[in-house]
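Enquirer: The structure under discussion is supplied below as structure tokens; questions concerning it will follow.
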Amino acid sequence: MDFLNYLILEHKQIISLLLQHINLTFLSVLSAVVIGVPIGILISHFKKANKTVLGIANTIQAIPSMALLGFLIPFLGIGVVPSVFMVVLYSLLPIIKNTFTSIEGINPQMIEAAEGIGLTKLQILFKIQIPMALPIIMAGIRISAVTAVGLMTIAAFVGAGGLGFLVFSGIRTANTNQILAGAIPACILALFIDWTAAIIEKIVVPKGISSNINSGNRTTLLQKVILIACLALFTFGIGDTIYTKYIAKPTKTITVASKDYTEQILLGNMLAELIESYTDIDVQRKFALGGTKVIFGALQSGEVDMYMEYTGTIFADMLKHDPIKENVNSKDVYEISKREIEQDYNMYVGKELAFNNTYRLAVRKDLANKYNLKNISDLIPISSEIIISPTFEFTNKRDGLPGVMDRYQGLKFKDVISIDGALRYQALDNHESDVIDAFATDGLLASFDLVVLEDDKDFFLPYHAVPLVRRDVLNKYPELKHITDSLENVLTDDVMRELNNEVDTKKREPQEVAHEFLLKNGLLKK
């Protein structure tokens with residue numbers, strides 16, 4: 001019943017993301033067909049090239065999809081372009097290989113007979129080879145189409161939208177309904193696309209060649225109606241995108257983004273609402289992008305105009321200061337971060353907000369009681385017997401696990417199993433790990449009833465939220481300079497933790513929670 005209620009409440013968002021997913025998938029598969037079929041035909045005639053081309057296609061197929069997407073971001077930015085490019089690359093192998101194999105498999109005597117009656121090479125290709133090869137080519141296209149539906153869920157990682165947005169958000173917040181709302185339509189869509197491709201196959205494959213000859217090669221009226229509806233839907237979606245992006249009269253619009261966890265999405269919604277409330281600027285929202293590297297890269301390239309960052313992240317991740325060697329206090333971190341990021345990257349950093357979303361280590365209550373754990377130093381005597389499950393980012397960053405182990409000498413865990421998002425909370429709850437990293441304002445700390453250990457050696461940097469905007473955007477829209485000032489003293493640690501809890505535990509939508517908070521505190525224009 002909870003799942004049905006969720007579907008009813010969020011049906012508009014689910015339908016919108018489903019349409020985005022369909023458009024992205026159709027565009028990718030269509031591009032792969034346009035590129036892959038000619039390549040398959042070419043290498044069947046130029047034999048020396050087939051091993052090289054198939055070797056490259058095989059190699060691309062073996063690259064992990066997230067790694068390929070991460071590699072493309074510096075060159076293609078974020079959004080639709082890198083997502084479609086990635087899926088096209090992965091879709092090429094079945095199409096090229098099936099085209100090449102099917103043409104190679106045609107009986108040579110048939111080609112000789114065609115040459116004997118005077119057909120040219122081009123006539124042989126279009127009148128004999130392609131029609132004979134079509135059933136196997138279509139099989140490759142169907143494999144690519146079904147695979148593309150699953151791969152396209154990663155598009156949400158770079159802000160291209162689609163059903164992956166629900167899947168990633170659900171994993172981050174341990175929201176099973178949200179995960180299912182993204183995964184189930186994706187599965188149904190894969191089946192539907194395969195079915196649609198089968199109808200196209202029936203239409204394009206000549207009678208006498210189709211494997212469906214025994215079951216009838218004619219398409220029914222219903223199948224034709226569905227096919228026309230699919231093409232109309234795709235054309236409408238693509239046309240709308242092109243009109244919105246390239247033809248519609250330009251308005252005062254900026255793009256506000258967020259990283260891919262609850263607090264960031266809440267802050268992104270607040271920032272967008274404040275801008276829309278106090279200015280005449282329209283806001284395009286790109287929430288739940290990947291980590292710091294993705295979103296800051298998008299800000300630098302102009303695909304994102306503004307987002308909320310943290311002082312500790314600017315200090316250590318972007319400016320590469322070493323928190324171990326540099327003895328800095330909270331005020332220093334803000335001033336150094338503001339001064340250097342503005343000088344080096346032509347950005348503007350606004351006022352820091354009151355809450356401090358710094359890192360913490362958390363353990364289960366039973367473990368804390370058993371060993372009387374209160375501080376991080378208390379972990380040292382038992383660390384060789386326990387497992388830590390930090391996020392990927394915390395595992396690698398200097399002000400994360402490596403720095404903690406440097407500052408707390410003797411802290412050496414039995415194993416380090418990196419897990420992202422809310423899954424690490426579930427691993428801790430299931431006794432599959434014993435310690436996790438957490439943000440001080442995480443709502444899930446209360447949900448899982450965890451004990452937060454004190455940082456008794458003051459290792460962790462302060463992580464106060466600040467608005468980060470490019471200088472050229474601020475010059476164009478100076479009204480953005482003080483847009484978050486009203487949040488400065490209102491968003492305290494307790495308030496932010498409660499807002500996160502509303503989303504993580506009570507499974508409310510971040511947009512709804514952010515809007516309610518701004519209204520309740522009189523922060524929106526009436």
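Enquirer: Which one of 155, 133, 113 is small (Gly, Ala, Ser) and closer than 21 Å to residue 190 by Cβ?
Expert: On the way: 133 fails: closer than 21 Å to residue 190 by Cβ; 113 fails: closer than 21 Å to residue 190 by Cβ.
Going through 155, 133, 113 in turn, just one is small (Gly, Ala, Ser) and closer than 21 Å to residue 190 by Cβ: 155.
Enquirer: Inside the range 142-184, can you point out the residues that are more than 14 Å from the chain's Cα centre (by Cα) and open to solvent by less than 30 Å² (accessible area, probe 1.4 Å)?
Expert: 144, 145, 148, 149, 173, 174, 175, 178, 181, listed by residue number.
Enquirer: Now, a different point. If I ask for residues that are open to solvent by less than 50 Å² (accessible area, probe 1.4 Å) and of a type outside the set (Ser, Thr, Tyr), which ones from the range 353-374 would you list? Before the answer, list the steps.
Expert: Narrowing the range 353-374 to residues open to solvent by less than 50 Å² (accessible area, probe 1.4 Å): 353-359, 361-364, 367-368, 373.
353, 354, 355, 356, 357, 361, 362, 363, 364, 367, 368, 373 - these are the residues of the range 353-374 that are open to solvent by less than 50 Å² (accessible area, probe 1.4 Å) and of a type outside the set (Ser, Thr, Tyr).
Enquirer: Right, another one. Assess whether residue 279 counts as being polar (S, T, N, Q) and more than 28 Å from residue 456 (Cβ to Cβ). Working first, answer last.
Expert: Details: polar (S, T, N, Q): yes; more than 28 Å from residue 456 (Cβ to Cβ): yes.
Spelling it out, residue 279 is indeed polar (S, T, N, Q) and more than 28 Å from residue 456 (Cβ to Cβ).
Enquirer: Ok, one more. Looking only at helices (runs of 4 or more DSSP H) that fall completely inside the range 39-143, which ones have 1 or more residues that are within 26 Å of residue 27 (Cβ to Cβ) and small (Gly, Ala, Ser)? Break it down into steps so the answer makes sense when it comes.
Expert: Values: elements: 47-62, 65-76, 80-104, 108-116, 121-124.
Qualifying helices (runs of 4 or more DSSP H): 47-62, 65-76, 80-104.
Enquirer: From the list 33, 37, 80, exactly one residue is buried (at least 19 other Cβ atoms within 10 Å of the Cβ) and closer than 28 Å to residue 303 by Cα. Which is it? Let's see the steps before the verdict.
Expert: Working: 33 fails: closer than 28 Å to residue 303 by Cα; 37 fails: closer than 28 Å to residue 303 by Cα.
It is 80.
Enquirer: Report, ordered by the first and then the second residue, all pairs with beta carbons closer than 8 Å, sequence separation of six or more or different chains, a first member in the range 103-131 that is charged (D, E, K, R), and a second member that is in a helix (DSSP H, G or I) and surrounded by 12 or more Cβ atoms within 10 Å (Cβ to Cβ).
Expert: Correct list of pairs: 104/44; 115/124; 127/114.
Enquirer: Considering each of 442, 472, 485, 458 in turn, give the residue that is open to solvent by 30 Å² or more (accessible area, probe 1.4 Å), under 29 Å from the mean Cα position of the chain (by Cα) and not aromatic (Phe, Trp, Tyr). Break it down into steps so the answer makes sense when it comes.
Expert: Details: 442 fails: open to solvent by 30 Å² or more (accessible area, probe 1.4 Å); 485 fails: under 29 Å from the mean Cα position of the chain (by Cα); 458 fails: under 29 Å from the mean Cα position of the chain (by Cα).
Exactly one of 442, 472, 485, 458 is open to solvent by 30 Å² or more (accessible area, probe 1.4 Å), under 29 Å from the mean Cα position of the chain (by Cα) and not aromatic (Phe, Trp, Tyr), namely 472.
Enquirer: Could you check, for the range 299-312, whether at least one of its residues is in contact with a helix residue (DSSP H, G or I) (Cβ under 7 Å, 6 or more places away or on another chain), of a type in the set (D, E, K, R), assigned to a helix (DSSP H, G or I) and within 25 Å of residue 518 (Cβ to Cβ)?
Expert: For the range 299-312, residues in contact with a helix residue (DSSP H, G or I) (Cβ under 7 Å, 6 or more places away or on another chain), of a type in the set (D, E, K, R), assigned to a helix (DSSP H, G or I) and within 25 Å of residue 518 (Cβ to Cβ): absent.
Enquirer: If I ask for residues that are in contact (Cβ under 8 Å) with a residue 12 or more places away in the chain, exposed (fewer than 15 other Cβ atoms within 10 Å of the Cβ) and assigned to a loop (DSSP other than H, G, I, E, B), which ones from the range 491-517 would you list?
Expert: Scanning the range 491-517 gives a single hit, 492.
Enquirer: Go over the candidates 262, 253 one by one and state the one that is within 19 Å of residue 480 (Cα to Cα), at pLDDT 75 or above and of a type in the set (Ser, Thr, Tyr). Talk me through it step by step, then tell me what you get.
Expert: Numbers: 262 fails: within 19 Å of residue 480 (Cα to Cα).
Just a single option satisfies the conditions, and that option is 253.
Enquirer: Criterion first (assigned to a helix (DSSP H, G or I) and over 21 Å from residue 232 (Cα atoms)) does residue 198 satisfy it?
Expert: No, not satisfied.
Enquirer: A further question on this structure: What are the residue pairs meeting all of these: first residue in the range 148-177, first residue touching a residue at least 60 places away in the same chain (Cβ under 8 Å), second residue among the basic types (Lys, Arg), Cβ atoms under 8 Å, and 6 or more apart or on different chains?
Expert: Note: pairs meeting the criteria are 159/286; 173/507; 175/507; 177/507.
Enquirer: Is there any pair with a first residue in the range 6-20 that is open to solvent by 60 Å² or more (accessible area, probe 1.4 Å) and a second that is of a type in the set (Asp, Glu) whose Cβ atoms are under 9 Å apart and which are 6 or more apart or on different chains, and what are they?
Expert: Sorted first by the residue in the range 6-20, then by its partner, the pairs are 9/509.
The values are calculated or read from the model by the stated rules, or taken from the named source; none is laboratory data. These numbers come from a predicted model, not from an experiment. So basically every Cβ, Gly included, is an ideal-geometry build from the backbone, and we count neighbours across all protein chains shown. Surface accessibility is based on the protein's heavy atoms, side chains included, excluding ligands, DNA and RNA. Shrake-Rupley method; radii C 1.70, N 1.55, O 1.52, S 1.80 Å.
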